[in-house]
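Colleague: The structure follows.
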Amino acid sequence: MTQLLRINSSSRREGSHSAAVGDAFEAEFRAQHPGCSVITRNVSDGSIPFIAQKTIEGFYAPQDGLPLELQAATALSDSLIAEIQASDTLLLAVPIYNFSIPAALKAWVDQISRIGHTFSMGEGGFKGLVKTRRAVVVCTYGAEGYLAGEPFSAANFVQPYLEFLLNFLGIENVEFVHVQGTAIAAADAFADRLEAAKVEAKRAV
């Protein structure tokens, strides 16, 4: 069964532009893959805590005979990794917060970036172990000029970070859909941009 893993990271419970574009992608994905499975995580709801000392200890301890305490500390990571490993497509809906990704999304990243599970390290260097075939990343920006070749592109740490991270974990096919000016564009102009991004997201399916 084809599975989509969708991660929403906006703190907005209503009116999220990244989620709106994500909705368009998901609707088209469901239309093109009848009977597919969709897992949605709204990480800003606090359901994914920052990793703690015991979690890190569990990550690096020998996995055979892992003590119960460390098994409990890494249980959420196990579950989140199982979700991404079983998914054909990963959809990330990501607003830019202070030039980078939301802290809630970073908490998810830290839970799934785990040696021996989603990447390995050997004599030949690092190797990504994630089986997900592709990722689509919806990025929304409050201001304008963040994209490559634009005046404020040096302040965009969202796209280069996520592109490197996903490639590092083994997802080589990564596509980005952008919406700029969510906080400053005139209403009519922004409505057109949002609709154009929804069309682009549907094409990305």
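Colleague: Which one of F25, F59 is in contact with a Lys or Arg (Cβ under 6 Å, 6 or more places away or on another chain) and touching a residue at least 24 places away in the same chain (Cβ under 8 Å)? Lay out the reasoning, then the answer.
Modeller: Details: F25 fails: in contact with a Lys or Arg (Cβ under 6 Å, 6 or more places away or on another chain).
Answer to the check: F59.
Colleague: Would the range 5-12 turn up any residue that is part of a helix (DSSP H, G or I), touching a residue at least 40 places away in the same chain (Cβ under 8 Å), open to solvent by less than 50 Å² (accessible area, probe 1.4 Å) and touching a His at 6+ places or on another chain (Cβ under 9 Å)?
Modeller: In the first step, residues of the range 5-12 are kept if they are part of a helix (DSSP H, G or I); the result is none.
For the range 5-12, residues part of a helix (DSSP H, G or I), touching a residue at least 40 places away in the same chain (Cβ under 8 Å), open to solvent by less than 50 Å² (accessible area, probe 1.4 Å) and touching a His at 6+ places or on another chain (Cβ under 9 Å): absent.
Colleague: Does the range 184-191 contain any residue that is of a type outside the set (D, E), within 14 Å of the chain's Cα centre (by Cα) and surrounded by 14 or more Cβ atoms within 10 Å (Cβ to Cβ)?
Modeller: First, the residues of the range 184-191 that are of a type outside the set (D, E): 184-187, 189-191.
Subset that is within 14 Å of the chain's Cα centre (by Cα): none.
Checking the range 184-191: not a single residue is of a type outside the set (D, E), within 14 Å of the chain's Cα centre (by Cα) and surrounded by 14 or more Cβ atoms within 10 Å (Cβ to Cβ).
Colleague: From the residues in the range 164-183 that are touching a helix residue (DSSP H, G or I) at 6+ places or on another chain (Cβ under 8 Å) and touching a residue at least 60 places away in the same chain (Cβ under 8 Å), which one is surrounded by the fewest Cβ atoms within 10 Å (Cβ to Cβ)?
Modeller: Step by step, filter the range 164-183, then rank; the result is T182.
Colleague: Based on what the data block shows, is A24 among the small types (G, A, S) and either open to solvent by 20 Å² or more (accessible area, probe 1.4 Å) or touching a strand residue (DSSP E or B) at 6+ places or on another chain (Cβ under 8 Å) (or both)? It would help to see each step written out before you state the result.
Modeller: Details: among the small types (G, A, S): yes; either open to solvent by 20 Å² or more (accessible area, probe 1.4 Å) or touching a strand residue (DSSP E or B) at 6+ places or on another chain (Cβ under 8 Å) (or both): no.
Spelling it out, it is not the case that A24 is among the small types (G, A, S) and either open to solvent by 20 Å² or more (accessible area, probe 1.4 Å) or touching a strand residue (DSSP E or B) at 6+ places or on another chain (Cβ under 8 Å) (or both).
Colleague: Which one of these does L76 not meet: (1) part of a helix (DSSP H, G or I); (2) aliphatic (A, V, I, L, M); (3) within 30 Å of A187 (Cα to Cα); (4) open to solvent by 20 Å² or more (accessible area, probe 1.4 Å)?
Modeller: Looking at each condition in turn, L76 falls short on (3).
Colleague: Which of the numbered conditions does A196 fail, given that it passes all the others? Conditions: (1) open to solvent by less than 50 Å² (accessible area, probe 1.4 Å); (2) in a helix (DSSP H, G or I); (3) free of Cβ contacts under 8 Å to residues at least 24 places away in the same chain.
Modeller: (1)
Colleague: Same structure, new question: For T132, which of the numbered conditions (1) open to solvent by less than 10 Å² (accessible area, probe 1.4 Å); (2) assigned to a helix (DSSP H, G or I) fails to hold?
Modeller: (2)
Colleague: Restricting to the range 142-163, name every residue that is in a helix (DSSP H, G or I) and loosely packed, with under 13 Cβ neighbours inside 10 Å. Spell out how you get there, then give the answer.
Modeller: Taking the range 142-163 as the starting set, the residues that turn out to be in a helix (DSSP H, G or I) are 153-155, 158-163.
Selection gives A154, P160.
The values are calculated or read from the model by the stated rules, or taken from the named source; none is laboratory data. If you're wondering where the values come from, they're calculated on a predicted model, not measured in any experiment. Cβ atoms come from the backbone with ideal geometry, glycine included; neighbour counts cover every protein chain shown. The protein model used for the area step is the full one, side chains on, heavy atoms only, and it has no ligands, DNA or RNA in it. Shrake-Rupley method; radii C 1.70, N 1.55, O 1.52, S 1.80 Å.
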